[in-house]
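A quick write-up on the structure given underneath.
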Amino acid sequence: MEVWVLGYILLLSSVSGMPLQTKGVSERNGASLSSSHAVSPARAARHRDPQAIIIGVRKGGTRALLEMLNLHPDVVAAASEVHFFDQDENYDKGLAWYRAQMPPSLPGQVTVEKTPGYFSSVKAPERIHAMNSSVRLLLIVRDPVERLVSDYTQVLHNRQQRAKPYPRLEKILLRGGQLNIQYKAIQRSLYALHLSRWLRFFSIGQIHVVDGGKLIRDPLPELRRAERFLGLAPRISAANFYFNQTKGFYCLRGEGGHGKCLDESKGRPHPTVEGAILERLCTFFSRHNEDFFSMVGKTFNWC
């Protein structure tokens, strides 16, 4: 019978292509794989709606947060951004389709999905609430000016990869000497505007705000707070991180001591932006930032 159990577990792993799904299988069955008891249907791994969603922000550190949370043995993470709640063509496929995009998990494990486009989406808050009004939401933020420049840098890089021209940031930001506040990268950095839509459907207690700057500089304290928010035992430790001098940020160390750094798109050098432009952006965002601080009950050292 133990052969059947092991075969079942290996089958789940091979179907998904990810080892995440068997996290804690032996512990949660209350016995090792050499036990003579088969896994009951109620305890079997299956696709479930996520109990937690990283909703944003774009270029705020969502991938880093997901990868770090995935170090926890009771977290099972979706491999890619699903864009279910912010894209009509996916939402129209229905919740069964969405659930099928989640990796199989065991009872007691927390399934996490991340799609940073959700935060600025007009439709996503109501749609997520309709799926599960008690879902836990994680929002990772960074200095809105830094986020804007990072956003521009990603688009610039993608255009360059396709040998397509793209204007300098200053040219996009200024229209007739005034800030082009309709520029999408500016709009995405208006955190208070977007958060106000989420607070129509969720209490602030359901939204955990992660400091993206601190997560990169000193990840463990931010992850401890995220573990508590998700109701997880503190299992991520300092041993799970090591500083990569070449990249200039922390990389991850999982089971067996295997190291992993985020891909090369993370930490990409930003183009130089005129100091006067940066000052204008800081001034523009200051009132919006104060509104955001008031909403979440904490301040950040931005600009």
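The values are calculated or read from the model by the stated rules, or taken from the named source; none is laboratory data. As the structure is a prediction and not an experimental result, all values here were calculated from the model. We place every Cβ from the backbone using ideal geometry, glycine too, and count neighbours over all the protein chains shown.
Observations, loosely collected:
- Residues (in contact (Cβ under 8 Å) with a residue 60 or more places away in the chain, more than 21 Å from the chain's Cα centre (by Cα) and not in a loop (DSSP other than H, G, I, E, B)) located in segment 258-283: ILE277, LEU278, ARG280, LEU281, CYS282
- Looking only at segment 246-258, and only at residues there that are modelled with pLDDT under 85 and not β-branched (Val, Ile, Thr), the one that is farthest from GLY61 (Cα to Cα): GLY256
- Strands (runs of 3 or more DSSP E) lying entirely in segment 75-163 (those with 2 or more residues that are within 19 Å of the chain's Cα centre (by Cα) and surrounded by fewer than 18 Cβ atoms within 10 Å (Cβ to Cβ)): none
- Any chance LEU223 is in the same structural domain as PRO107 (by TED's automatic domain parsing) and within 23 Å of ALA79 (Cα to Cα): yes
- Residue in segment 250-257 that is of a type in the set (A, V, I, L, M), within 30 Å of PRO73 (Cβ to Cβ) and either assigned to a helix (DSSP H, G or I) or not assigned by TED's automatic domain parsing to the domain that holds PRO125 (or both) present: no
- LYS123 vs. criteria closer than 20 Å to ILE204 by Cα and at pLDDT 95 or above: yes
- Enumeration of residues in segment 287-303 that are closer than 17 Å to GLY213 by Cβ and either in contact with a Cys (Cβ under 9 Å, 6 or more places away or on another chain) or in a helix (DSSP H, G or I) (or both): ASN289, PHE292, PHE293, VAL296, TRP302, CYS303
Condition check ((1) farther than 30 Å from CYS261 by Cβ; (2) surrounded by fewer than 15 Cβ atoms within 10 Å (Cβ to Cβ)) across all residues:
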| site | (1), (2) |
| --- | --- |
| GLU170 | yes, yes |
| ARG175 | yes, yes |
| TRP198 | yes, no |
| PHE229 | no, no |
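- Selection status of ARG147, under 25 Å from LEU262 (Cα atoms) and modelled with pLDDT under 95: no
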